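Reading through the structure tokens given below for one structure.
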Amino acid sequence: MYRLQQLLLSLLVITVIGASPGWARDTAIEEPLIIDFKERFLPVVARSGMVAGPEQLASEIGSRILQQGGNVVDAAVATGFALAVTYPRAGNLAGGGFMLIHLAEGNRQVFIDYRESAPAAASRDMFLGEDGKIDLMRMYFSLQSSGVPGTVAGMLYALETYGSMSREQVLAPAIALAEEGFPVSFALTYELANQGKRLRNNPESLRLFFKPDGNAYEIGEIWRQPDLAWTLRQISEQGVDAFYKGEIAKRIVAAMQAGDGLITLQDLADYRVIERPPLRGTFREFEVVSAPPPSSGGVHILQILNLLEGDDLAGMGHNTAAYLHLLAESMKLAYADRSEYLGDPDFAPVPVAELTDKAYAARQRKMIDPGKATPSTTIAPGSALLRESMDTTHYSIADNKGNMVSNTYTLNASFGSAIAVPGTGMLLNNEMGDFAAQPGKPNPFGLVQGESNRIEGGKRPLSSMSPTIVFRDGKPWLATGSPGGSRIITTVLQTLLNAMAFEMNIATAGISARIHHQWLPDEILAEDGISPDTVRLLEQMGHTVKLGGRTIGRTESIIWENGWLLGATDTRRPQGWVAGF
Ligand code: DON
């Protein structure tokens, strides 16, 4: 039994943010909330609705939509549009993503693929220079970096199919924020300073993200985005056609034609949201539902969970060398498969059933030596993985009826290509960088990628985004997800294992130190918090361990249990916020 249920001590409400007045008095509490004070990190607690996300204003908007009677999809769409205003490094209109929804009514899950697609004119070698090498600037920071955006189509599809409010209602808060402005936070000044050089290189981005005199906004100054407000209004008034066929589409194509961009009016008109069956697997008594291809996330989370299911992980102890060895070896096996088999399933079949089969895991498990690291080169030759990319964002939403949304969306790099479409306030994604620009050959980061992810017109680049919902005793229990490029998969995996196998509360599960291994390069990345003694033991087993580099991922998670919503934002990056009532 989960620890919260076991230790009945007293009714403790730790933090309630954005609580409606008198909520505790108004709500009949059937089950007391039990908190185990053995853990040093505690979740935020709410009763009726909750949004865990990367930025305060947007989380509060989502929570308010729930309070106003909107459902979790209304809240997810309002939060998604709000983040496009308040969190420009990853919140977006011209990016793409995946939304996983659990609907209590009908007890079913829906997966919405609104990933960007390659423009029709995209071609296999488009990012190779005359010297035959990858042209990094063209791949990541040019008009050609951008796939056909999916976010607006995805959000409006979700709203129209599963929401209950009008477009105008869910877009109004984002429009107000863009029009009236909001005080610039520490986090935003920091993010803009970090990517300032790139943004300043593009005249439109310079105009949008900096003051008229070219200086950066100071903390507390009001930042207004009238162009973005115009774009949001067009979407609010005219719907999806405003973006894909109307004036916004024309502005996107004009920007493309002013340079060497490939996206045409036809590409925009052809963009389609795809509803796909989510992936399902089990880990002991839990059912794990996650992202199918073109994400690699669900496949490899399920594959690694299968590999680890039979081991007494709790008995080994959390983050001990024995556990981390097993984890790293499992990650290697999964990521080796990823490089070979994963891509857009509409272009090349992905052997999902085989890769997530428990019998396959049992065979693979035999390849893991409990006392020794297997060199990656002996696991599989040839292909490898995507580079580490820099930004994406996730938010989780839940209500007390058992509805949940787990949404991850992205521009790919922080602030995408850093190129803004004149007159729209929008940054373009650089998702084309997620394709294998040179299948079979090392890219500039020393990595090799497979044919299944080569560039083809209309195809969606392989992703690692892994919005996930876990069920316990048939009830939706945990929603989570993360940014972090190829580290998303291992981040979500360890968060799930911490909650499912180590019975941590959701705050501890998200905050605990993580590792990452992606097969190639053959090294474990370990966050601060993994003990140097453990690192030495891992090294003795033959692992190369890189300790204390960048942090790994950033989760935004909610657990629904006994009628309580327990949320946690990951403190690895600033400004995350759990809003609930
Ligand atoms: O789809 C993907 O997997 C990447 N484009 C995500 C990029 C990302 O997570 C960067 N974030 N830190």
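The values are calculated or read from the model by the stated rules, or taken from the named source; none is laboratory data. Predicted model only: the values in this text are computed from it and were never measured. Don't worry about glycine lacking a Cβ; one is built from the backbone with ideal geometry, like all the others, and counts go over all protein chains shown. Keep in mind that these areas ignore ligands, DNA and RNA; they rest on the heavy atoms of the full protein, side chains included. Shrake-Rupley method; radii C 1.70, N 1.55, O 1.52, S 1.80 Å.
For the stretch 38-137, applying the loop criterion from DSSP together with a ceiling of 10 other beta carbons within 10 Å to the trypsin sites (Lys or Arg not before Pro) yields Lys38, Arg40.
For the chain, the per residue solvent-accessible surface stands at 35 Å², with DNA, RNA and ligands left out and a 1.4 Å probe. A convex hull fitted to the Cα coordinates of the chain yields 138 cubic angstrom per residue. In the chain, the portion of solvent-accessible area held by carbon and sulfur atoms comes to 53 percent [1.4 Å probe, whole percent, DNA, RNA and ligands not counted].
Cross-link partners for Lys401 among the lysines, with Cα-Cα distance under 21 Å and sequence neighbours closer than 8 places in the same chain left out: Lys475.
Averaging the Cα positions of each part gives two centres, and for the stretch 509-559 and the stretch 181-199 these lie 29 Å apart. Between the stretch 111-156 and the stretch 245-291, what is the C-alpha centre distance in whole Å? Distance between centres, Cα-based: 11 Å.
Net length available on complete extension from Ala314 to Phe210 is 32.4 nm, with 0.36 nm assigned per residue and the Cα-Cα distance removed.
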